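Presented below is the structure to which this report refers.
The values are calculated or read from the model by the stated rules, or taken from the named source; none is laboratory data. For clarity, every value in this text was computed on a predicted model and none was experimentally measured. Please note: Cβ atoms are built from the backbone with ideal geometry, for glycine as well, and neighbour counts cover all protein chains shown.
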Amino acid sequence: MTAACSHATHPIYVPRPYPAGAHYGLTELADSGYDVVGLDWTIDHYVARAAVGDRVTLQGNLDPCTLYATPEVIRAEVAAMLQR
């Protein structure tokens, strides 16, 4: 699906690109019609927000290796991510 996917025809599905390793393309993605852009864990969220401004919602950037940690550590990392 593309950014042109209609909420009327797919009301639950929200298309969002996940440009893993493609930080250089965030500005273009913010202008491409998507509402949400997924981030991989290698980009600082402040850098990503500066690139896209308030044009899109940013999703993610938790290091997937965190999922090997204890539940307490996972909760702490998610809470810290949400506070940024």
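For Thr42, the conditions (1) within 10 Å of the chain's Cα centre (by Cα); (2) under 14 Å from Pro19 (Cα atoms); (3) assigned to a loop (DSSP other than H, G, I, E, B) are fulfilled apart from (1). Restricting to segment 60-84, name every residue that is within 14 Å of Leu39 (Cα to Cα) and in a helix (DSSP H, G or I). Across segment 60-84, the qualifying residues are Pro64, Met81, Leu82.
Taking the condition surrounded by 10 or more Cβ atoms within 10 Å (Cβ to Cβ), out of contact with any Pro (no Cβ under 7 Å at 6 or more places or on another chain), at pLDDT below 90 and among the small types (Gly, Ala, Ser), does Gly38 pass? Break it down stepwise before answering.
Numbers: surrounded by 10 or more Cβ atoms within 10 Å (Cβ to Cβ): yes; out of contact with any Pro (no Cβ under 7 Å at 6 or more places or on another chain): no; at pLDDT below 90: yes; among the small types (Gly, Ala, Ser): yes.
Taking the combined requirement at face value, the residue does not satisfy it.
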